[in-house]
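Okay, so here's the structure we're looking at.
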Amino acid sequence: ATISRSAWPIRIGLVCTAALATMSPVTYCMSRFQCMARASLSGRARLDADISETDLKAGKAELQLGRSTLTAAGSAGLVRKELKASSEAKVDLAEIASFLPTGELAGSAELKANLSGSFADPTLDLELQGHDLASAAVRLQPGNLKVKAKAGATRVQLAGLDWESPEGTLHVDGDWRK
């Protein structure tokens with residue numbers, strides 16, 4: 001990590017690597033406790049940001065964990081009281097599910113999100129696509145999901161939520177206003 005400051009702006013650079021492991025229940029064996037790793041992931045994170053008296057800017061933030069990635073960038077104008085941020089994620093659900101108690105998810109998901117507007121009235125645009133999604137908890141054939149939505153302080157627009165699998169298709173859209 002580096003932080004440099006000679007008055008304003010403050011520049012922050014952070015890079016780290018990590019490894020995660022889930023543990024099976026602790027068992028008592030031969031007068032000692034043993035933990036067995038059920039799953040492990042390694043990854044890295046990076047953040048570059050500038051902070052000034054009037055602005056916060058994240059040039060690029062990256063997180064990679066196993067085969068899943070998240071990138072984001074954005075800014076906040078402290079005087080103008082405005083935000084602008086974007087994010088993209090690609091998630092391997094089966095790999096992430098190994099950290100859940102049931103561990104029974106399959107497929108992949110991609111997310112795109114954009115946040116903009118004033119502090120008082122931000123707007124979020126969201127797109128989600130899931131491919132070959134499956135779960136033992138939901139008794140449906142693997143399928144694909146697409147969601148497109150826009151949300152603000154007083155309105156949510158669901159442009160489409162579409163599910164498609166060998167068992168059929170579903171389309172939902174709608175609009176909520178306060």
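The values are calculated or read from the model by the stated rules, or taken from the named source; none is laboratory data. All values reported here derive from a predicted model rather than from experimental measurement. No Cβ is skipped: glycine too gets one built from the backbone with ideal geometry, and neighbour counts run over all protein chains shown. Protein only, heavy atoms only, side chains kept; ligands, DNA and RNA dropped before computing areas. Shrake-Rupley method; radii C 1.70, N 1.55, O 1.52, S 1.80 Å.
Projected label points at Thr123 and Thr54, each 7 Å from Cα along the beta carbon direction, are separated by 2.5 nanometres. For segment 119-135, backbone phi angles converted through the Karplus equation (6.51, -1.76, 1.60; θ = phi - 60°) give residue-by-residue couplings of 4, 6, 9, x, 10, 10, 9, 9, 10, 10, 10, x, 10, 6, 6, 8, 8 Hz, Gly and Pro being listed as x. Amide H contacts for Gly66 (H built 1.01 Å from N in the peptide plane; partners 5 or more residues away or on another chain; cut-off under 5 Å): Ser42, Gly43. As a rough guide to protection, the peptides 148-155, 125-132 ranked by mean Cβ packing within 10 Å, highest first, stand as 125-132, 148-155.
Could you work out how much longer the chain between Cys16 and Ala94 gets when fully extended? Use 0.36 nm per residue separation minus the Cα distance between them, nm to one decimal.
Numbers: separation 78, 0.36 × 78 = 28.08 nm, distance 2.43 nm.
Gain on stretching Cys16 to Ala94: 25.7 nm.
At 7 Å along Cα-to-Cβ for each site, give me the label-to-label distance between Arg46 and Lys81 in nm. Spacing of the two 7 Å Cα→Cβ label points: 3.6 nm.
In what sequence, largest accessible area first, do Val172, Val79 appear using a 1.4 Å probe? Walk me through the intermediate numbers first.
Numbers: Val172 60, Val79 105 Å².
Reading off the accessible areas and sorting them downward yields Val79, Val172.
Local charge for Asp125 was computed over the other residues whose Cβ lies under 13 Å away, with Lys and Arg +1 and Asp and Glu -1, and equals +3.
In straight-distance terms, cross-link reach from Lys112 covers every one of the lysines whose alpha-carbon lies under 19 Å from its own, apart from those fewer than eight places away in the same chain; here that gives Lys60, Lys84, Lys90, Lys146, Lys148, Lys150. For Asp55, the amide hydrogen comes within under 5 Å of the amide hydrogens of Leu78, counting only partners 5 or more places away or on other chains and with H modelled in the peptide plane.
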